[in-house]
Structure formats: C-alpha cells, structure tokens
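Worksheet: one structure, shown below.
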Amino acid sequence: MLNRLTGHYALTAHWVLLLALGLCLFGRSERRFLWWIPLLALLVVTQFYFAVMAFALWTADVTRAWLSREVRDSPRVCSPTSSWTLAAVLVTLWSAGFLSRRSRRDRSRHGGFSTG
C-alpha cells in the first residue's frame, strides 16, 4: 500500500485530525482532556501543520467545556488539564530541538544543513 503513495507519506496522517475532531465533537467526559495530551505531543513532533489545526480544535473544546459548564467543576478541571497539556507540548518541543537557543551561524557550523 505504501508503494502506491509514491512519496506522499504525509497524506497518511489525516486520521489524526479525525481523532481530534472526534474528541472535540463527541467527547463528553472529563477524561477526554487527558487524550489531548499525547495527541498534541505526537503531532508537534510528526506533523507540525496538523498540530496547529489540532490546537485550534483543542482550544475550541476547552473553551466550550469552560463556558457551557459541561464538565462538573469546569474551572477546576479545565485549568489544570490545560496547563498539563501545554507543559507536555513544550517539553516535547524542547526535547525535539524546536526550542534551541543556538544562532543560525552555530547551527550551520555544527552539523546543520549548509551550502557554504
């Protein structure tokens, strides 16, 4: 099956958006917020442009739960889970090297892709 894609392997990741959309639209329990943590952490490392779309769905899901009081004690539940989700994504970004503090000159000297 992968041979049929002829190099378009990124097109196989759309299931992640369907999962995020399902969490946003059909998730009704407090535990759905825990499913966002590994989903967003996986997305920022694999498909960053899908992560931006999933972050929009996550924001909509948390905002809807907060404003509609859908979840019992919603400020007590939404605030810590939002903090944990953002912390997990930042740690994932940092461990993958996205938040590197090196300058462009240092990256090209130490194994970065450079033509010069």
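The values are calculated or read from the model by the stated rules, or taken from the named source; none is laboratory data. Small disclaimer: the values here were computed from a predicted structure and weren't measured. Counting neighbours? That spans all protein chains shown, and the Cβs are built from the backbone with ideal geometry, glycine included.
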Quiz item: Regarding Val52, is this residue under 11 Å from the mean Cα position of the chain (by Cα) and not basic (Lys, Arg)?
Solution: yes
Practice problem: Only residues in segment 45-61 that are farther than 11 Å from Ala13 by Cβ count as the first member; pair them with residues that are polar (S, T, N, Q), Cβ under 8 angstrom, at least 6 apart or cross-chain, and list the lot. | Solution: Val45/Thr92; Trp58/Thr85
Quiz item: Hey, among Ser68, Ser29, Ser82, Ser95, which residue is over 14 Å from the mean Cα position of the chain (by Cα), surrounded by 11 or more Cβ atoms within 10 Å (Cβ to Cβ) and at pLDDT 70 or above?
Solution: Ser95
Quiz item: What about Ser108, is it in contact with a Gly (Cβ under 9 Å, 6 or more places away or on another chain), part of a helix (DSSP H, G or I), at pLDDT below 90 and more than 21 Å from Val16 (Cβ to Cβ)?
Solution: yes
Quiz item: Limited to segment 43-64, what total is found for residues that are farther than 20 Å from Ser79 by Cα, aliphatic (A, V, I, L, M) and buried (at least 18 other Cβ atoms within 10 Å of the Cβ)?
Solution: 3
